[in-house]
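S.K.: Here it is, the structure in full.
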Amino acid sequence: MIRNLATELSTRDAVAATTLVLLLVAAPFVVGDYLLSVILIILYFAYVGQAWNLMMGIAGQLSLGHALYVGLGAYTAAALFVHFDVPPAIGLFAAMAVAALAGAVIGFLAFRFGISGVYFALLTIAFAEFTRILFSHFDWVGATSGFFLPVENRTSSDLVNLRGTSVMFYYVILTLAAGALVFVRLLAGTRLGYYWRAIREDQIAAQALGINVFRYKMLAVVISAAMTAVGGVFLAFYYNNLFPTDVFGIHRSIEIIVAPIIGGLGTYFGPVVGAFLIGILGEGLTNATEAAGIQTAGIKQLVYGVILLLIIKLVPGGLWPLIARRLGFSIKERRK
Amino acid sequence: MSAPILVIDDVSKSFRGLRAVAAVSFDVRAGSITALIGPNGAGKTTLFNVIAGVFAPDRGRIVFAGADVTGRRPDLICHAGIGRTFQIVRPFPGLSVEENVTIGALRTGTAVSAARRRAGDILDLLGLSAKARELAGTLTLPERKRLEVARALATEPKILLLDEVMAGLRPGETDEMVAVFRKLNAETGITIFLIEHVMRAVMALSQDVVVLNHGRLISRGTPADVVRDPAVLECYLGEDEEA
């Protein structure tokens, strides 16, 4: 499989990919704390965007409630750490299991009873919202007053307990984002990936070719949910505080899907490109409005909305296929 | 005469009171090429969908290779060895022609490289090799029909249900398709059961013909017998069908 991947990439792609990786690896030595934190958040969105992309871009199942999996992952690992001293390196697996289970419940309810498309998307929102309300009354993890992890100002890095400098967090999320890209790319080339794309394209035709549509849709949701939960664990230990509204809110779910849509649904590099574009734009906008002395809370969301509209209207395939063709990279993705 | 591979036993299917298929019984011999004909609305596609597991019949049984497959899910029907095409073609438009067929070929094994090789062979057979890298959504209708056949064939069925795959083809193209099905049937022994309006193809291909009209079986026999059957003549001529 690795060999297949290598042969499919041209030298040009390889040079570009290596350069990008080297730049990102070198970033902490070059850029300041502020810029590093910006790139870190960009990489976080590239990571969770990739997880969402697996489910929507490849398997064609629209989830508008992915904040649910982020939140479950975050709360699970954080609660295990605070209440039982379980290090996140282990809590991670519990987080993935809890999110996968939630995904399985949603998937089962939807796919067993033939709920698909927009109605499936509504169900995912409903579950995220329902969980948000549940956690707002869940005293064990602080309810609405928030759940806090002990903040230690460490200079050394402890990977097992995810306690350390922002540089450590940066490398963790860089590894995750790169790993997710490779993972999704490899998975897409297996029978599972082919079956997901068949289901995305035409479920009835897929079924006539012997594909157990229910099983493969379930797998898409469960794998995507577990991947997303890892992002949640990262978030919990990076920020050290969790609030139900801030974690499970619909705006969080939307944030996750913006990057892959802008970058290119079903492409492997699209979520990364989209995350960078949105991240740079978002920060630029914040700085610009601050400099201009304008206090407008919702302006970022407004701009995201406008960009989404423009992309869907003008380049529905996303920006990455466009950029890739311009720069002469080979693209393996969904083309319509 | 060989044994039946597919037995349609007293099958009925209604939609909101409309009897699309009414108490139809017949069988398809293993290794034969059997045609299902009849005027528009005769219930041919409905019967195909009942066989393929899209609809469960209201009454009756479908027995395939000795096993009762009545009402099984379409994917299980495929695994049982029944491959089908759709009258209104359903390619995976955003995937390449080769990927479309590879997905079919993956039914029999998990190795993608082997499935791709087999897909290549099948595309050769159906004259689609030159289009292998194109997106299925860009194909012309006759090409899409061939893709339907290629994809179904890739699942390695024992019987192939073809729903009007020659409609819209030029006479020369029809003859090519007929030659392909003959060759397949002769070389692999696959049973072919086809719905067809193009009588040129029906006469050239099939050993057995089954005729439906208003959901009922009105005639069956060799092509030569069937076209002389007064009941068949009446239903076609009476309705001024182009066939």
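The values are calculated or read from the model by the stated rules, or taken from the named source; none is laboratory data. Just so it is clear, the model here is predicted, and its values are computed rather than measured. FYI the Cβ positions are ideal-geometry reconstructions off the backbone, even for glycines, and counts take in every protein chain you see. Note: areas computed on protein heavy atoms with side chains; ligands, DNA, RNA excluded. Shrake-Rupley method; radii C 1.70, N 1.55, O 1.52, S 1.80 Å.
S.K.: Residue by residue through the range B:33-42, which ³J(HN,Hα) values in whole Hz follow from phi under the Karplus form 6.51 cos²θ - 1.76 cosθ + 1.60 (θ = phi - 60°), with glycine and proline marked x?
M.R.: Each residue's phi maps through the Karplus curve to give 10, 10, 9, 10, 10, x, x, 4, x, 6 Hz.
S.K.: Say the dipole of chain A comes from +1 at the beta carbon of Lys and Arg and -1 at that of Asp and Glu; which of A:GLY107, A:LEU235, A:GLY65 then lies farthest toward its positive end?
M.R.: The Cα lying farthest towards the positive end belongs to A:GLY107.
S.K.: Using just the Cα positions, wrap the range B:88-156 in a convex hull and report its mean projected area in square nanometres, one decimal place.
M.R.: Hull-based average projected area comes out at 4.0 nm².
S.K.: Let me ask another. Full-extension gain between A:VAL118 and A:PHE130, please, as 0.36 nm times their residue separation minus the C-alpha to C-alpha distance.
M.R.: 2.5 nm
S.K.: Please compute, over every Cα-Cα pair in the range B:62-190, the percentage with a separation greater than 25 angstrom.
M.R.: More than 25 Å apart: 21 percent of the Cα pairs in the range B:62-190.
S.K.: Work out the FRET efficiency for B:MET199 and B:ARG16 from their Cβ-Cβ distance, taking R0 = 35 Å, and round it to the nearest 0.05.
M.R.: It comes to 0.65.
S.K.: What distance in nm separates the simple spin-label points at A:THR155 and A:ILE90, each placed 7 Å from Cα in the Cβ direction?
M.R.: 3.1
S.K.: While we're on this one: Cut-off 18 Å, label point 7 angstrom out along Cα-to-Cβ of B:GLU234: give me the residues of the range B:30-50 whose amide nitrogen falls inside.
M.R.: Of the residues in the range B:30-50, B:38-40, B:42 have backbone N under 18 Å from the label point off B:GLU234.
S.K.: Given a 1.4 Å probe and no ligands, DNA or RNA in the count, how much accessible surface is buried by A and B, both sides, to the nearest 100 Å²?
M.R.: 2200
S.K.: I'd like to know which of B:SER219, B:SER2, B:GLY168 lies farthest towards the positive end of the charge dipole of chain B, counting +1 on Cβ of Lys and Arg and -1 on Cβ of Asp and Glu.
M.R.: Checked the options; the winner is B:SER2.
S.K.: Nothing charged except the Cβ atoms of Lys and Arg (+1) and of Asp and Glu (-1): what's the magnitude of the dipole of the protein assembly as shown about its Cα centre? Round to the nearest 20 debye.
M.R.: The calculated dipole for the protein assembly as shown is roughly 400 debye.
S.K.: Follow-up question, since we're still on this one. Please go through the residue pairs B:LYS131/B:LYS183; A:LYS217/A:LYS300; A:LYS217/B:LYS44; B:LYS44/B:LYS183; B:LYS13/B:LYS145 and name each one whose alpha carbons sit more than 30 Å apart in this structure.
M.R.: Violating the 30 Å Cα-Cα cut-off are A:LYS217/A:LYS300; A:LYS217/B:LYS44.
S.K.: If you don't mind, another one. In debye, nearest 20: dipole of chain A around its Cα centre with unit charges on the Cβ of K, R (+) and D, E (-)?
M.R.: Here the size comes out at about 1220 debye.
S.K.: While we're on this one: Which sequence of B:THR188, B:THR222, B:THR34 reflects their accessible areas, 1.4 Å probe, from the largest down?
M.R.: So the residues, ranked largest to smallest area, are B:THR188, B:THR222, B:THR34.
S.K.: Now, a different point. Once the Cα gyration tensor of the protein assembly as shown is found, what semi-axes does its equivalent ellipsoid get, as square roots of 5 times the eigenvalues, in whole Å, sorted largest first?
M.R.: 55, 25, 20
S.K.: In square angstrom, what is the accessible area per residue of the range B:88-156 with a 1.4 angstrom probe?
M.R.: It amounts to 38 Å² per residue over the range B:88-156.
S.K.: Could you report the accessible area of A:TRP320 in Å², rounded to 10, computed with a 1.4 Å probe on the protein chains as they sit in the structure?
M.R.: Near enough 30 Å² of accessible area.
S.K.: Just to confirm my numbers, what's the Cα centroid distance between the range B:127-148 and the range A:260-336 in Å?
M.R.: Cα centres, the range B:127-148 to the range A:260-336: 34 Å.
S.K.: Just to confirm, what accessible area per residue do you get for chain A at 1.4 Å probe, in whole Å²?
M.R.: For chain A, the per-residue accessible area is 45 Å².
S.K.: Per residue of the range A:266-273, what does 6.51 cos²θ - 1.76 cosθ + 1.60 with θ = phi - 60° give for ³J(HN,Hα)? Whole Hz please, x for Gly and Pro, Karplus curve as stated.
M.R.: Along the range A:266-273, the couplings run x, 8, 8, 9, x, x, 5, 4 Hz.
S.K.: Going from most exposed to least, what order do A:PHE183, B:PHE55 have by accessible area with a 1.4 Å probe?
M.R.: The ordering from most to least exposed comes out as A:PHE183, B:PHE55.
S.K.: Let me ask something additional. What is the extension gain from A:ILE312 to A:ALA297, computed as 0.36 nm multiplied by their sequence separation minus the C-alpha to C-alpha distance, in nm to one decimal?
M.R.: The A:ILE312-A:ALA297 span can extend by a further 2.9 nm.
S.K.: For the pair B:ALA56 and B:ASP124, what calculated FRET efficiency results from E = 1/(1 + (r/R0)^6), where r is the Cβ-Cβ distance and R0 = 35 Å, to the nearest 0.05?
M.R.: 0.40
S.K.: Where nothing but the Cβ of Lys and Arg (+1) and of Asp and Glu (-1) is charged, how large is the charge dipole of chain B around its Cα centre, in debye to the nearest 20?
M.R.: For this selection, approximately 700 debye.
S.K.: Among A:ALA225, A:ILE199, A:ILE262, pick out the residue whose Cα is farthest towards the positive end of the charge dipole of chain A, where Lys and Arg carry +1 and Asp and Glu carry -1 on C-beta, about the Cα centre.
M.R.: Positive-end residue among those listed: A:ILE199.
S.K.: Let me ask you something else. Helix-only estimate, please: 222 nm mean residue ellipticity of chain A, summing -39500 (n - 2.57) across DSSP H runs of length 4 or more and dividing by its residues, to the nearest 500.
M.R.: Value at 222 nm, helices only, nearest 500: -24000 deg cm²/dmol.
S.K.: Length gain on complete extension for the stretch A:ARG325 to A:HIS83, per 0.36 nm per residue less the alpha carbon to alpha carbon distance?
M.R.: Full-extension gain reported as 82.0 nm.
S.K.: Can you pull a Stokes-Einstein diffusion coefficient for chain B at 4 °C (1.567 mPa s), Rh from Kirkwood over Cα pairs, as a whole number of µm²/s?
M.R.: 71
S.K.: Let me ask something else. For the range A:2-327, count the residues as N, evaluate 2.2 N^0.38 Å, and divide the Cα radius of gyration by that value, please.
M.R.: 0.99
S.K.: Give a residue-ordered list of calculated ³J(HN,Hα) values for the range A:172-180 (Karplus: 6.51 cos²θ - 1.76 cosθ + 1.60, θ = phi - 60°; whole Hz; x for Gly, Pro).
M.R.: 4, 6, 5, 4, 4, 5, 5, x, 5
S.K.: Roughly how many Å is it from the Cα centre of the range A:76-152 to that of the range B:158-199, as a whole number?
M.R.: Cα centres, the range A:76-152 to the range B:158-199: 54 Å.
S.K.: Please work out the FRET efficiency for the pair A:ASP246 and A:VAL31, using the Cβ-Cβ distance as r and a Förster radius of 25 Å; give the result to the nearest 0.05.
M.R.: 0.40
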